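The values are calculated or read from the model by the stated rules, or taken from the named source; none is laboratory data. Owing to the predicted nature of the structure, the values given are computational and were not obtained by experimental measurement. Glycine gets a Cβ as well: all are built from the backbone with ideal geometry, and neighbour counts include every protein chain shown.
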Amino acid sequence: MLRIVAILLVASAVLLGLRVINNERTSGADDAPRLSTPDNSDYYMSDAVVRQMDDNGRLAYRMTVGESLHFADDSARLTDIDVHYLAGTKTYWDVSAERGRIPAGERDIYLYDGVTGRHPRVNGNVVEIVTDNAWVRPDTDRIDTQAHVTATEPGQRVEGDGMEVNLKTDKLRLLENVQVTYTP
């Protein structure tokens, strides 16, 4: 019996010692300043790469962002964005912007501040697009805007208000006030 009491006393002393050591290690953890995410986002990513697959499991688009702030309502704010779109085209579309956002509950990406687009055509020409803002709509394979757009490729410059790009058919259409300039 004395032996059992001695073992219990030693075990209690060991457990009490371990608890004191553990408290010393964690004391101050509650006193440490809490980390916060930028602009009270619920999480953020730096230098992120997002890959979206199509229904057949092939890469539809790749988006790189310098910083992505995600908020509790499932919206996001993006900086330094480049969307490399592959789905349905024989070549690709690159659309870039300084800033962008994804509204709450949506998958569409609204780009603004220095929006540029680049599309190598099958014939070797490259179409370059400049506008103030544009929506990239992955679920419908579309890029569109109501803003003024300038599209150039060797030998021509097209300007107009509003644009639709059907990424499955590779067709770019300016909507209103369209002016075309041909150069030799």
Within the stretch 143-154, is there a residue that is touching a Ser or Thr at 6+ places or on another chain (Cβ under 7 Å), of a type outside the set (Phe, Trp, Tyr), surrounded by 19 or more Cβ atoms within 10 Å (Cβ to Cβ) and without any contact (Cβ under 8 Å) to a residue 40 or more places away in the chain?
yes
Is it the case that some residue within the stretch 86-96 is assigned to a strand (DSSP E or B), closer than 21 Å to Asp161 by Cα and without any contact (Cβ under 8 Å) to a residue 40 or more places away in the chain?
yes
With the structure loaded, tell me whether Gly114 is surrounded by 15 or more Cβ atoms within 10 Å (Cβ to Cβ), at pLDDT 90 or above and touching an Asp or Glu at 6+ places or on another chain (Cβ under 7 Å) or whether it fails that test.
no
Residue count for the stretch 161-184, restricted to those that are on the phi > 0 side of the Ramachandran plot, part of a strand (DSSP E or B) and under 28 Å from the mean Cα position of the chain (by Cα):
1
